1. Among residues belonging to the stretch 43-69 that are assigned to a loop (DSSP other than H, G, I, E, B) and at pLDDT 90 or above, point out the one that is nearest to the chain's Cα centre (by Cα).
2. May I ask you to list the residues in the stretch 2-40 that are among the hydrophobic types (A, V, I, L, M, F, W, C), in a strand (DSSP E or B), surrounded by 15 or more Cβ atoms within 10 Å (Cβ to Cβ) and in contact (Cβ under 8 Å) with a residue 60 or more places away in the chain?
3. Which of the residues belonging to the stretch 1-22 are more than 14 Å from ASN99 (Cα to Cα) and either at pLDDT 90 or above or among the hydroxyl-bearing types (Ser, Thr, Tyr) (or both)?
4. Just to be sure I understand, how many residues within the stretch 90-101 are in contact (Cβ under 8 Å) with a residue 12 or more places away in the chain, over 12 Å from ALA29 (Cα atoms) and crowded, with 17+ Cβ neighbours inside 10 Å?
Amino acid sequence: MTRFVDFTVLKKPDYMKFAGTCLQGYVKAGYSLLFALFGKPTAKGSAEQKHHYEWHVAFDDGVVAMIYDCDLGRVDPAKFAGVEFEWHIGGSDKRALKNVKAVIAASTSVKVMK
């Protein structure tokens, strides 16, 4: 079983907390999975119209991560149930990507007993 660090999703953007972060990698997931795991996005849309959704996540190990779609144009991931998109993971180091992947892996490895 994959273990992950506890986390908090920020309700409002705190861009000072995320200053100096940059792209650390990608995860492939559907919007509905991210919504189920991380809740309502912290922010919708960007000033440059480069992305639709952002989750700002603070992990208990001190790592922060920003999950966002990028350069999808007019394609809104929330309107495509069951379709996986490539989501960008920003952070100050690779632990941001590792932590986000661990949360997703833990959720998708759950088996339902009949």
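The values are calculated or read from the model by the stated rules, or taken from the named source; none is laboratory data. The structure presented is a predicted model; accordingly, all values stated were derived computationally and were not measured. Note that each Cβ is placed from the backbone with ideal geometry, even for glycine, and that neighbours are counted across all protein chains shown.
1. Initial filter on the stretch 43-69 (assigned to a loop (DSSP other than H, G, I, E, B)): 45-52, 60-63, 69.
If we keep only those that are at pLDDT 90 or above as well, we get 60-63.
On the way: ASP60: 16, ASP61: 17, GLY62: 16, VAL63: 13 Å.
Filtering the stretch 43-69 for residues that are assigned to a loop (DSSP other than H, G, I, E, B) and at pLDDT 90 or above, the one nearest to the chain's Cα centre (by Cα) comes out as VAL63.
2. Looking only at the stretch 2-40, we keep the residues that are among the hydrophobic types (A, V, I, L, M, F, W, C), and these are 4-5, 7, 9-10, 16, 18-19, 22-23, 27, 29, 33-38.
Filter once more, keeping what is in a strand (DSSP E or B): 7, 9, 22-23, 27, 29.
Checking which are surrounded by 15 or more Cβ atoms within 10 Å (Cβ to Cβ) leaves us with 7, 9, 27, 29.
Listed by number, the residues that qualify are PHE7, VAL27, ALA29.
3. The answer is TYR15, THR21, CYS22.
4. To start, the set of residues in the stretch 90-101 that are in contact (Cβ under 8 Å) with a residue 12 or more places away in the chain comprises 90-97, 99-101.
Narrowing the set further to residues that are over 12 Å from ALA29 (Cα atoms) leaves 90-97, 99.
Within this subset, residues satisfying the condition of being crowded, with 17+ Cβ neighbours inside 10 Å are 90-91, 95-97, 99.
Selection size over the stretch 90-101: 6.
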